[in-house]
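Contents: one structure, followed by commentary.
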Amino acid sequence: MRALAWLSLLLIPVCTAGPAAPLPTGAVPKLAIIIDDIGPRYRESLAATDLPGKLTLALLPQQPNAARLAERAARNGKEIMLHLPLEASNGKALGPGGITLHMGENEFRQRVRDNLASIPHVRGVNNHMGSLLTRHPGAMTWLMDELRQAGNVYFIDSRTDHRTVALRMAAEAGLPRAERDLFLDNVQDSTAIRAELERAVMLAKAQGQAVAIAHPYPETLLVFQQELADFRSRHGVELVLVSELLAASTAAMTTTAEFEEVPDGERTRSPR
């Protein structure tokens, strides 16, 4: 148990709010961009798989084109996540593969397994909606246990409610994990999206790394097509896959631990 607790501490990424340690000399700030809601809008989802740069695509489960999109994205160097539909406070329909608070443990766990199996190349999971379910420690414990058994699949908390306990349950399960720092396209306007992307860059520089979430809206796709190529040379920040960001966090924490003793919102709008 003490070994697991130590590993859990090492895997905490440095991308949460609050003061961050200065970057090591020569280190480049890192930004991971996740594109949620891949699957239902096929044309836009297909375009997302062809975007430049290292991106992580979060696919909704049990969708007719999910496997095809995941295979194409993987061939194009993208990372694949399961965008897991979890019950929201507003009662909005979850779509295929949805998980609700009233489910018993066996049904809950089987639904998670079925959703993971519906998409090839899955490296991690983040929550789709979930402002109700992510507040419940029991449900989140079941989820993280399934992800651990699936092969230490990482978890990203989309933070659709400030009362979420999902990240804490992922830590207790010893999973690689992080949380969303900002959404890039709550306002579907090219100028606003560019401003949020610049904000993500500044946040990555201030913290050392950041996690941003976007969606396959036409406006977002246009901005990404124009902005993501040669991202490091243009912005001074390295665009990375989520798994690379988590690995860099672990390496940084391990290096620090060699010299130091280690102690222990609801989104305002939904994607259309």
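Laid out as a table, the results:
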read-out: Every pair of residues 6+ apart whose Cβ atoms lie under 8 Å, when the first sits in segment 136-164 and is on the phi > 0 side of the Ramachandran plot and at pLDDT 95 or above while the second is crowded, with 24+ Cβ neighbours inside 10 Å and part of a helix (DSSP H, G or I); value: none
read-out: Considering residues of segment 158-180 that are acidic (Asp, Glu) and over 13 Å from residue 246 (Cβ atoms) only, the residue surrounded by the most Cβ atoms within 10 Å (Cβ to Cβ); value: 161
read-out: Residues of segment 181-213 that turn out to be open to solvent by less than 40 Å² (accessible area, probe 1.4 Å) and in a loop (DSSP other than H, G, I, E, B), as a count; value: 4
read-out: Hits in segment 46-98 - residues which are basic (Lys, Arg) and in contact with a Phe, Trp or Tyr (Cβ under 6 Å, 6 or more places away or on another chain); value: none
read-out: Test result for residue 58, closer than 18 Å to residue 211 by Cα, among the small types (Gly, Ala, Ser) and outside any helix (DSSP H, G or I); value: yes
read-out: Any helices (runs of 4 or more DSSP H) falling wholly within segment 62-155 and containing at least 3 residues that are farther than 18 Å from residue 175 by Cα and open to solvent by 60 Å² or more (accessible area, probe 1.4 Å); value: 66-75, 105-117
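Every residue, every condition in (1) more than 28 Å from residue 69 (Cα to Cα); (2) touching a Leu at 6+ places or on another chain (Cβ under 6 Å), yes or no:
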residue: 123; (1), (2): no, no
residue: 143; (1), (2): no, no
residue: 152; (1), (2): no, no
residue: 163; (1), (2): yes, no
residue: 168; (1), (2): yes, no
residue: 174; (1), (2): yes, yes
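The values are calculated or read from the model by the stated rules, or taken from the named source; none is laboratory data. What you see is a predicted model; the values in this text were computed from it and never measured. We place every Cβ from the backbone using ideal geometry, glycine too, and count neighbours over all the protein chains shown. Keep in mind that these areas ignore ligands, DNA and RNA; they rest on the heavy atoms of the full protein, side chains included. Shrake-Rupley method; radii C 1.70, N 1.55, O 1.52, S 1.80 Å.
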